[in-house]
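Engineer: Can you read through this structure? Questions will come right after.
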Amino acid sequence: MLELFKTMWDRWQGVAKGIMAAQNAVLMGFAYYVGLGPVAIFFRITGKQLIDRAPAPPHAKSFWLPRSGKPMTMDEANRQF
């Protein structure tokens, strides 16, 4: 009898994992479209960009931004943001 319950429990766990995977995909997809969708639409309408995606000038050797010539103090290095 115990062996029957173990088999039933193992099968139930397999079914529950499948249900969990489907539920997770639905909930995460819903959160993505409801949470990120309005934010993306807002930034499209206002024309704002959070990152600098401007192309580098043709004469530039790389896409890196130049640093200021001032050396950084230890306090400034510890407070990066």
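Engineer: If you take the residues of region 36-55 that are among the small types (Gly, Ala, Ser) and surrounded by 10 or more Cβ atoms within 10 Å (Cβ to Cβ), which of them is nearest to Pro66 (Cα to Cα)?
Structural biologist: Ala40
Engineer: Cβ-Cβ below 8 Å, separation at least six or inter-chain, first residue in region 62-81 and assigned to a loop (DSSP other than H, G, I, E, B), second of a type outside the set (S, T, N, Q): which pairs?
Structural biologist: Ser62/Ala56; Phe63/Ala56; Leu65/Asp52
Engineer: Additional query: Looking at region 25-81 only, could you name the residues that are of a type in the set (Asp, Glu) and within 24 Å of the chain's Cα centre (by Cα)?
Structural biologist: Asp52
Since every read-out is calculated from the coordinates, none of them should be taken as a lab result. Treat the numbers as computed from the prediction; the structure is a model and nothing was measured. A quick note on method: Cβ atoms are made from the backbone with ideal geometry, for glycine too, and the neighbour counts reach across all protein chains shown.
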